[in-house]
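As C-alpha coordinates, the structure follows; a few thoughts come after it.
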Amino acid sequence: SKSPVRVAVTGAAGQIGYSLLFRIASGEMLGKDQPVILQLLDLPQAQNACKGVMMELEDCAFPLLAGMFATDDPNVAFKDADVCLLVGARPRSKGMERADLLTANGAIFTVQGKAIAENAKEDVKVLVVGNPCNTNAYIAAAAAKKVGRTNPANYHGMLRLDHNRALSQLAAKTGRDVASLKQLVVWGNHSPTMYADYRFCTSNGDSVKALVNDAVWNNDVFLPTVGKRGAAIIEARGLSSAASAANAAIDHVRDWVLGSDEWVTMGVPSDGSYGIPEGIVFGFPCECKDGGYKIIQGLEIDAYSQEKIAITLKELTDEADAVKGML
Ligand code: NAX
(Lines give C-alpha, C1' and ligand atoms only; values in the text may rest on other atoms or scores of the structure.)
Protein backbone atom coordinates (compact mmCIF):
# COMPACT_ATOMS: atom_id res chain seq x y z
CA SER A 1 0.00 0.00 0.00
CA LYS A 2 1.02 3.63 -0.50
CA SER A 3 2.91 5.57 2.15
CA PRO A 4 0.90 8.36 3.78
CA VAL A 5 0.81 11.89 2.39
CA ARG A 6 1.11 14.70 4.92
CA VAL A 7 -1.58 17.37 4.62
CA ALA A 8 -1.27 20.50 6.74
CA VAL A 9 -4.47 22.50 7.25
CA THR A 10 -4.48 25.90 8.92
CA GLY A 11 -7.55 27.41 10.51
CA ALA A 12 -8.42 23.79 11.26
CA ALA A 13 -10.90 24.69 14.01
CA GLY A 14 -12.89 27.01 11.75
CA GLN A 15 -15.99 26.34 9.70
CA ILE A 16 -14.20 25.58 6.42
CA GLY A 17 -11.88 23.26 8.34
CA TYR A 18 -14.91 21.41 9.67
CA SER A 19 -16.14 20.76 6.12
CA LEU A 20 -12.69 20.00 4.76
CA LEU A 21 -10.93 17.65 7.13
CA PHE A 22 -13.44 14.82 7.01
CA ARG A 23 -13.44 14.75 3.23
CA ILE A 24 -9.64 14.72 3.07
CA ALA A 25 -9.57 11.88 5.61
CA SER A 26 -12.11 9.92 3.59
CA GLY A 27 -9.93 10.05 0.47
CA GLU A 28 -11.88 12.53 -1.60
CA MET A 29 -8.90 14.81 -2.17
CA LEU A 30 -5.96 12.52 -2.82
CA GLY A 31 -7.64 9.28 -3.79
CA LYS A 32 -9.42 6.36 -2.16
CA ASP A 33 -6.15 4.39 -1.94
CA GLN A 34 -4.02 7.18 -0.47
CA PRO A 35 -3.46 7.25 3.31
CA VAL A 36 -3.12 10.73 4.81
CA ILE A 37 -1.70 12.29 7.94
CA LEU A 38 -3.47 15.49 9.01
CA GLN A 39 -1.34 18.23 10.57
CA LEU A 40 -3.65 20.87 12.01
CA LEU A 41 -2.60 24.43 12.73
CA ASP A 42 -4.71 26.93 14.60
CA LEU A 43 -4.26 29.69 17.17
CA PRO A 44 -3.55 28.82 20.83
CA GLN A 45 -7.12 29.70 21.85
CA ALA A 46 -8.48 27.25 19.25
CA GLN A 47 -6.46 24.23 20.36
CA ASN A 48 -9.31 22.86 22.43
CA ALA A 49 -11.66 23.11 19.47
CA CYS A 50 -9.03 21.31 17.36
CA LYS A 51 -9.04 18.51 19.94
CA GLY A 52 -12.80 18.19 19.51
CA VAL A 53 -12.45 17.98 15.73
CA MET A 54 -9.78 15.30 16.11
CA MET A 55 -12.08 13.34 18.44
CA GLU A 56 -14.73 13.38 15.72
CA LEU A 57 -12.19 12.37 13.08
CA GLU A 58 -11.26 9.43 15.32
CA ASP A 59 -14.91 8.54 15.66
CA CYS A 60 -15.23 8.22 11.89
CA ALA A 61 -12.62 5.43 11.94
CA PHE A 62 -11.47 6.45 8.47
CA PRO A 63 -9.33 3.63 7.06
CA LEU A 64 -7.13 6.16 5.22
CA LEU A 65 -6.39 8.37 8.22
CA ALA A 66 -2.90 7.24 9.19
CA GLY A 67 -2.29 9.90 11.83
CA MET A 68 -3.05 13.43 12.97
CA PHE A 69 -2.00 16.11 15.40
CA ALA A 70 -2.82 19.73 16.20
CA THR A 71 -0.43 22.53 17.05
CA ASP A 72 -0.18 26.31 17.24
CA ASP A 73 3.38 26.27 15.88
CA PRO A 74 3.70 26.68 12.08
CA ASN A 75 7.13 25.00 12.09
CA VAL A 76 5.57 21.88 13.56
CA ALA A 77 2.42 21.99 11.43
CA PHE A 78 4.30 22.24 8.12
CA LYS A 79 7.00 19.66 8.97
CA ASP A 80 7.46 17.38 5.94
CA ALA A 81 4.08 18.47 4.54
CA ASP A 82 3.28 17.43 0.97
CA VAL A 83 0.19 19.64 0.74
CA CYS A 84 -0.61 22.78 2.75
CA LEU A 85 -4.09 24.24 2.80
CA LEU A 86 -3.88 27.73 4.27
CA VAL A 87 -7.42 28.40 5.40
CA GLY A 88 -6.89 30.42 8.59
CA ALA A 89 -6.65 34.14 8.08
CA ARG A 90 -7.43 37.37 9.85
CA PRO A 91 -11.04 38.30 9.07
CA ARG A 92 -12.02 41.92 8.54
CA SER A 93 -13.40 43.31 11.78
CA LYS A 94 -15.76 46.29 12.01
CA GLY A 95 -14.13 49.52 10.95
CA MET A 96 -11.00 47.79 9.65
CA GLU A 97 -9.66 49.38 6.47
CA ARG A 98 -8.59 47.25 3.54
CA ALA A 99 -4.97 48.29 4.08
CA ASP A 100 -5.10 47.12 7.72
CA LEU A 101 -6.56 43.81 6.60
CA LEU A 102 -3.73 43.38 4.11
CA THR A 103 -1.01 44.08 6.65
CA ALA A 104 -2.63 41.89 9.34
CA ASN A 105 -2.69 39.03 6.86
CA GLY A 106 0.73 39.95 5.55
CA ALA A 107 2.09 39.25 9.02
CA ILE A 108 0.46 35.79 9.08
CA PHE A 109 1.44 34.75 5.57
CA THR A 110 5.09 35.91 5.73
CA VAL A 111 5.50 33.72 8.83
CA GLN A 112 3.68 30.76 7.26
CA GLY A 113 5.42 31.06 3.87
CA LYS A 114 8.80 31.00 5.61
CA ALA A 115 7.77 28.10 7.85
CA ILE A 116 6.59 26.10 4.84
CA ALA A 117 9.78 26.75 2.89
CA GLU A 118 11.92 25.74 5.87
CA ASN A 119 9.96 22.66 6.93
CA ALA A 120 7.76 21.19 4.23
CA LYS A 121 8.74 18.84 1.41
CA GLU A 122 10.64 20.58 -1.38
CA ASP A 123 7.86 19.85 -3.85
CA VAL A 124 5.11 20.96 -1.46
CA LYS A 125 1.86 22.17 -3.01
CA VAL A 126 0.29 25.14 -1.22
CA LEU A 127 -3.26 26.40 -1.67
CA VAL A 128 -4.33 29.60 0.08
CA VAL A 129 -8.04 29.82 0.86
CA GLY A 130 -7.92 32.51 3.58
CA ASN A 131 -8.75 35.93 2.21
CA PRO A 132 -7.55 37.99 0.48
CA CYS A 133 -6.34 34.65 -0.92
CA ASN A 134 -4.52 35.83 -4.04
CA THR A 135 -2.43 38.37 -2.18
CA ASN A 136 -1.92 36.06 0.79
CA ALA A 137 -0.52 33.48 -1.63
CA TYR A 138 1.65 36.18 -3.22
CA ILE A 139 3.02 37.08 0.23
CA ALA A 140 3.62 33.45 1.21
CA ALA A 141 5.44 32.80 -2.08
CA ALA A 142 7.62 35.88 -1.59
CA ALA A 143 8.53 34.79 1.95
CA ALA A 144 9.22 31.25 0.74
CA LYS A 145 11.40 32.50 -2.11
CA LYS A 146 13.79 34.10 0.40
CA VAL A 147 14.34 30.71 1.99
CA GLY A 148 14.60 28.76 -1.28
CA ARG A 149 14.01 24.97 -1.29
CA THR A 150 10.36 25.04 -2.38
CA ASN A 151 8.96 26.01 -5.76
CA PRO A 152 7.40 29.53 -5.75
CA ALA A 153 5.10 28.42 -8.60
CA ASN A 154 3.47 26.01 -6.14
CA TYR A 155 1.89 28.74 -4.00
CA HIS A 156 -1.67 29.08 -5.25
CA GLY A 157 -4.73 31.12 -4.40
CA MET A 158 -8.19 29.58 -4.66
CA LEU A 159 -10.34 30.65 -7.61
CA ARG A 160 -12.08 27.31 -7.89
CA LEU A 161 -15.12 28.36 -5.89
CA ASP A 162 -15.71 31.19 -8.37
CA HIS A 163 -15.24 28.70 -11.19
CA ASN A 164 -17.75 26.27 -9.71
CA ARG A 165 -20.23 29.05 -8.97
CA ALA A 166 -20.00 30.20 -12.58
CA LEU A 167 -20.49 26.63 -13.86
CA SER A 168 -23.74 26.26 -11.93
CA GLN A 169 -25.09 29.61 -13.12
CA LEU A 170 -24.30 28.64 -16.73
CA ALA A 171 -25.88 25.21 -16.37
CA ALA A 172 -29.07 26.82 -15.08
CA LYS A 173 -29.10 29.43 -17.85
CA THR A 174 -28.48 26.95 -20.69
CA GLY A 175 -30.40 24.00 -19.27
CA ARG A 176 -27.32 21.83 -19.84
CA ASP A 177 -25.77 19.43 -17.31
CA VAL A 178 -23.08 21.06 -15.25
CA ALA A 179 -20.78 18.15 -16.11
CA SER A 180 -21.12 18.88 -19.82
CA LEU A 181 -19.60 22.35 -19.48
CA LYS A 182 -15.93 22.52 -20.46
CA GLN A 183 -13.36 25.27 -20.91
CA LEU A 184 -14.65 27.88 -18.54
CA VAL A 185 -12.12 30.44 -17.28
CA VAL A 186 -12.25 32.78 -14.31
CA TRP A 187 -9.58 35.42 -14.68
CA GLY A 188 -8.08 37.43 -11.86
CA ASN A 189 -8.74 37.99 -8.20
CA HIS A 190 -11.00 36.03 -5.86
CA SER A 191 -13.17 39.10 -5.32
CA PRO A 192 -16.18 40.69 -6.98
CA THR A 193 -13.82 41.95 -9.73
CA MET A 194 -13.10 38.40 -10.97
CA TYR A 195 -13.97 37.88 -14.62
CA ALA A 196 -15.81 34.65 -15.37
CA ASP A 197 -15.38 34.14 -19.10
CA TYR A 198 -17.44 31.55 -21.02
CA ARG A 199 -16.39 32.63 -24.51
CA PHE A 200 -14.45 29.35 -24.94
CA CYS A 201 -16.89 27.22 -23.00
CA THR A 202 -18.62 24.30 -24.70
CA SER A 203 -21.38 21.87 -23.79
CA ASN A 204 -21.34 18.62 -25.75
CA GLY A 205 -19.61 20.45 -28.57
CA ASP A 206 -21.97 23.45 -28.64
CA SER A 207 -20.72 26.94 -27.88
CA VAL A 208 -22.09 28.09 -24.53
CA LYS A 209 -21.74 31.70 -25.63
CA ALA A 210 -24.04 30.94 -28.58
CA LEU A 211 -26.46 29.05 -26.31
CA VAL A 212 -26.63 31.98 -23.90
CA ASN A 213 -26.59 34.58 -26.66
CA ASP A 214 -27.27 37.40 -24.23
CA ALA A 215 -24.55 40.00 -23.65
CA VAL A 216 -26.80 41.96 -21.29
CA TRP A 217 -27.32 38.88 -19.08
CA ASN A 218 -23.58 38.31 -19.08
CA ASN A 219 -22.77 41.83 -17.95
CA ASP A 220 -25.75 42.64 -15.72
CA VAL A 221 -26.76 39.30 -14.22
CA PHE A 222 -24.11 36.58 -14.60
CA LEU A 223 -20.96 38.47 -13.60
CA PRO A 224 -22.55 40.28 -10.62
CA THR A 225 -24.22 37.04 -9.43
CA VAL A 226 -20.94 35.11 -9.45
CA GLY A 227 -18.92 38.07 -8.16
CA LYS A 228 -21.24 38.80 -5.23
CA ARG A 229 -22.16 35.22 -4.41
CA GLY A 230 -20.13 35.21 -1.22
CA ALA A 231 -22.04 38.21 0.09
CA ALA A 232 -25.38 36.64 -0.94
CA ILE A 233 -24.52 33.50 1.06
CA ILE A 234 -23.64 35.55 4.14
CA GLU A 235 -26.95 37.40 3.76
CA ALA A 236 -28.93 34.16 3.51
CA ARG A 237 -27.05 31.92 5.92
CA GLY A 238 -25.68 34.40 8.40
CA LEU A 239 -22.28 32.79 7.89
CA SER A 240 -19.84 32.83 5.01
CA SER A 241 -19.56 29.97 2.50
CA ALA A 242 -17.90 27.00 4.09
CA ALA A 243 -18.89 23.64 2.60
CA SER A 244 -18.67 25.01 -0.94
CA ALA A 245 -15.30 26.58 -0.18
CA ALA A 246 -14.02 23.30 1.25
CA ASN A 247 -15.35 21.49 -1.81
CA ALA A 248 -13.52 23.90 -4.10
CA ALA A 249 -10.27 23.42 -2.19
CA ILE A 250 -10.63 19.67 -2.61
CA ASP A 251 -11.31 20.09 -6.33
CA HIS A 252 -8.26 22.33 -6.77
CA VAL A 253 -5.81 20.02 -4.98
CA ARG A 254 -7.29 16.80 -6.40
CA ASP A 255 -6.90 18.06 -9.97
CA TRP A 256 -3.42 19.42 -9.29
CA VAL A 257 -2.18 16.16 -7.71
CA LEU A 258 -4.10 13.56 -9.70
CA GLY A 259 -4.43 15.49 -13.00
CA SER A 260 -7.42 16.68 -14.97
CA ASP A 261 -8.41 16.25 -18.59
CA GLU A 262 -10.37 19.51 -18.42
CA TRP A 263 -9.33 23.10 -18.05
CA VAL A 264 -9.53 24.22 -14.46
CA THR A 265 -9.23 27.71 -13.02
CA MET A 266 -6.33 28.10 -10.62
CA GLY A 267 -4.94 31.19 -8.95
CA VAL A 268 -1.27 30.78 -9.81
CA PRO A 269 1.75 33.11 -9.77
CA SER A 270 1.88 34.63 -13.22
CA ASP A 271 4.77 33.74 -15.50
CA GLY A 272 3.92 36.77 -17.62
CA SER A 273 1.16 35.00 -19.57
CA TYR A 274 -1.51 37.29 -21.01
CA GLY A 275 0.49 40.33 -19.94
CA ILE A 276 -0.10 39.70 -16.23
CA PRO A 277 3.01 40.86 -14.33
CA GLU A 278 5.22 38.04 -13.12
CA GLY A 279 4.46 36.79 -9.62
CA ILE A 280 0.97 38.26 -9.31
CA VAL A 281 -1.32 35.40 -8.21
CA PHE A 282 -4.04 35.46 -10.84
CA GLY A 283 -6.88 33.21 -11.93
CA PHE A 284 -5.82 31.47 -15.15
CA PRO A 285 -7.14 28.53 -17.14
CA CYS A 286 -4.81 25.63 -16.34
CA GLU A 287 -4.19 22.06 -17.39
CA CYS A 288 -2.95 19.62 -14.74
CA LYS A 289 -0.78 16.61 -15.50
CA ASP A 290 1.81 14.49 -13.64
CA GLY A 291 1.48 16.57 -10.48
CA GLY A 292 2.16 19.84 -12.32
CA TYR A 293 0.10 22.49 -14.04
CA LYS A 294 0.39 24.62 -17.15
CA ILE A 295 -1.38 27.86 -18.03
CA ILE A 296 -3.41 27.44 -21.22
CA GLN A 297 -1.83 29.74 -23.79
CA GLY A 298 -3.01 31.60 -26.84
CA LEU A 299 -6.60 32.45 -25.93
CA GLU A 300 -7.87 35.50 -27.72
CA ILE A 301 -8.61 38.42 -25.42
CA ASP A 302 -11.21 40.74 -26.97
CA ALA A 303 -11.75 44.37 -25.96
CA TYR A 304 -14.50 43.59 -23.40
CA SER A 305 -12.37 40.90 -21.78
CA GLN A 306 -9.30 43.12 -21.82
CA GLU A 307 -11.23 45.75 -19.89
CA LYS A 308 -12.49 43.23 -17.32
CA ILE A 309 -9.04 41.69 -16.87
CA ALA A 310 -7.48 45.14 -16.42
CA ILE A 311 -9.91 45.93 -13.56
CA THR A 312 -9.22 42.76 -11.60
CA LEU A 313 -5.47 43.06 -12.28
CA LYS A 314 -5.44 46.65 -11.00
CA GLU A 315 -6.94 45.46 -7.73
CA LEU A 316 -4.17 42.86 -7.37
CA THR A 317 -1.30 45.20 -8.26
CA ASP A 318 -2.70 47.71 -5.74
CA GLU A 319 -2.74 44.98 -3.10
CA ALA A 320 0.81 43.98 -4.02
CA ASP A 321 1.88 47.63 -3.65
CA ALA A 322 0.18 47.85 -0.26
CA VAL A 323 2.21 44.93 1.13
CA LYS A 324 5.49 45.72 -0.67
CA GLY A 325 7.13 46.99 2.50
CA MET A 326 6.55 43.67 4.25
CA LEU A 327 8.21 41.46 1.66
P1 NAX B 1 -13.53 30.80 10.59
O2 NAX B 1 -13.44 32.10 11.28
O3 NAX B 1 -14.65 29.87 10.88
O4 NAX B 1 -12.18 29.98 10.89
C5 NAX B 1 -10.93 30.53 10.75
C6 NAX B 1 -9.99 29.76 11.64
O7 NAX B 1 -8.67 30.23 11.37
C8 NAX B 1 -10.25 29.98 13.13
O9 NAX B 1 -10.27 28.73 13.79
C10 NAX B 1 -9.06 30.83 13.57
O11 NAX B 1 -8.68 30.59 14.90
C12 NAX B 1 -7.99 30.36 12.58
N13 NAX B 1 -6.87 31.27 12.41
C14 NAX B 1 -6.86 32.61 12.38
N15 NAX B 1 -5.62 33.07 12.22
C16 NAX B 1 -4.81 32.00 12.14
C17 NAX B 1 -3.41 31.82 12.01
N18 NAX B 1 -2.59 32.87 11.94
N19 NAX B 1 -2.92 30.57 11.95
C20 NAX B 1 -3.75 29.52 12.05
N21 NAX B 1 -5.07 29.61 12.21
C22 NAX B 1 -5.59 30.84 12.26
O23 NAX B 1 -13.41 31.12 9.04
P24 NAX B 1 -13.83 30.21 7.79
O25 NAX B 1 -15.25 30.42 7.49
O26 NAX B 1 -13.34 28.84 8.00
O27 NAX B 1 -13.01 30.95 6.64
C28 NAX B 1 -11.61 30.91 6.59
C29 NAX B 1 -11.07 31.84 5.52
O30 NAX B 1 -11.53 31.45 4.23
C31 NAX B 1 -11.50 33.29 5.66
O32 NAX B 1 -10.36 34.12 5.45
C33 NAX B 1 -12.49 33.49 4.54
O34 NAX B 1 -12.56 34.82 4.11
C35 NAX B 1 -11.92 32.59 3.49
N36 NAX B 1 -12.80 32.19 2.38
C37 NAX B 1 -12.23 32.06 1.15
C38 NAX B 1 -12.96 31.66 0.05
C39 NAX B 1 -12.31 31.52 -1.29
O40 NAX B 1 -13.00 31.21 -2.26
N41 NAX B 1 -11.01 31.75 -1.44
C42 NAX B 1 -14.41 31.39 0.16
C43 NAX B 1 -14.86 31.13 1.55
C44 NAX B 1 -14.22 31.97 2.61
O45 NAX B 1 -14.82 33.24 2.61
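Only one of the numbered conditions (1) on the phi < 0 side of the Ramachandran plot; (2) more than 23 Å from the chain's Cα centre (by Cα) is violated by Ala61, and that is (1).
Filtered by the rule that a residue be in contact (Cβ under 8 Å) with a residue 12 or more places away in the chain and more than 13 Å from Thr135 (Cβ to Cβ), segment 301-313 gives Ile301, Asp302, Ser305, Lys308, Ile309, Ile311. Working only within segment 138-189, note down all residues that are hydroxyl-bearing (Ser, Thr, Tyr), more than 16 Å from the ligand (Cβ to nearest atom), out of contact with any Ser or Thr (no Cβ under 7 Å at 6 or more places or on another chain) and open to solvent by 20 Å² or more (accessible area, probe 1.4 Å). Answer for segment 138-189, where residues must be hydroxyl-bearing (Ser, Thr, Tyr), more than 16 Å from the ligand (Cβ to nearest atom), out of contact with any Ser or Thr (no Cβ under 7 Å at 6 or more places or on another chain) and open to solvent by 20 Å² or more (accessible area, probe 1.4 Å): there is none.
Checking Pro63, Pro74 one by one, the residue that is touching a strand residue (DSSP E or B) at 6+ places or on another chain (Cβ under 8 Å) and more than 18 Å from Gly157 (Cα to Cα) is Pro74 and no other.
Taken together, the residues in segment 234-251 that are surrounded by 14 or more Cβ atoms within 10 Å (Cβ to Cβ), of a type in the set (A, V, I, L, M, F, W, C) and near the ligand (Cβ under 9 Å from one of its atoms) amount to 5. Pairing each residue of segment 132-145 that is under 18 Å from Asp318 (Cβ atoms) with any residue that is acidic (Asp, Glu) and modelled with pLDDT of 95 or more, provided the two are 6+ apart or on different chains, yields C-beta distances under 8 Å for Pro132/Glu319; Asn134/Glu319; Thr135/Glu319; Tyr138/Glu319.
If you check Ala231 against the conditions, is it over 18 Å from Asp162 (Cα atoms) and either part of a loop (DSSP other than H, G, I, E, B) or open to solvent by 10 Å² or more (accessible area, probe 1.4 Å) (or both)?
The answer is no for Ala231.
Would you be able to say whether some residue in segment 57-67 is touching a residue at least 24 places away in the same chain (Cβ under 8 Å), near the ligand (Cβ under 10 Å from one of its atoms) and in a loop (DSSP other than H, G, I, E, B)? Checked segment 57-67: no residue is touching a residue at least 24 places away in the same chain (Cβ under 8 Å), near the ligand (Cβ under 10 Å from one of its atoms) and in a loop (DSSP other than H, G, I, E, B). For segment 9-55, what are the residues that are assigned to a helix (DSSP H, G or I), open to solvent by 70 Å² or more (accessible area, probe 1.4 Å), within 15 Å of the ligand (Cβ to nearest atom) and of a type outside the set (Phe, Trp, Tyr)? Of everything in segment 9-55, those that are assigned to a helix (DSSP H, G or I), open to solvent by 70 Å² or more (accessible area, probe 1.4 Å), within 15 Å of the ligand (Cβ to nearest atom) and of a type outside the set (Phe, Trp, Tyr) turn out to be Pro44, Gln45, Asn48, Lys51.
If you go through segment 80-120 and pick out every residue that is open to solvent by 70 Å² or more (accessible area, probe 1.4 Å), in contact (Cβ under 8 Å) with a residue 12 or more places away in the chain and more than 15 Å from the ligand (Cβ to nearest atom), you end up with 1.
Of the residues that make up segment 200-223, is at least one within 13 Å of the ligand (Cβ to nearest atom) and either in a strand (DSSP E or B) or under 16 Å from the mean Cα position of the chain (by Cα) (or both)? The answer is no; no qualifying residue exists. Taking the conditions exactly as written (surrounded by fewer than 13 Cβ atoms within 10 Å (Cβ to Cβ), more than 9 Å from the ligand (Cβ to nearest atom) and in a loop (DSSP other than H, G, I, E, B)), does Asp123 satisfy them or not? Yes.
Of the candidates Leu313, Leu327, the single residue that is closer than 21 Å to Arg98 by Cα and touching a strand residue (DSSP E or B) at 6+ places or on another chain (Cβ under 7 Å) is Leu313.
The values are calculated or read from the model by the stated rules, or taken from the named source; none is laboratory data. All values reported here derive from a predicted model rather than from experimental measurement. Quick reminder, even Gly has a Cβ in these numbers, built from the backbone with ideal geometry, and neighbours come from all protein chains shown. With ligands, DNA and RNA removed, areas are computed over all heavy atoms of the protein, side chains included. Shrake-Rupley method; radii C 1.70, N 1.55, O 1.52, S 1.80 Å.
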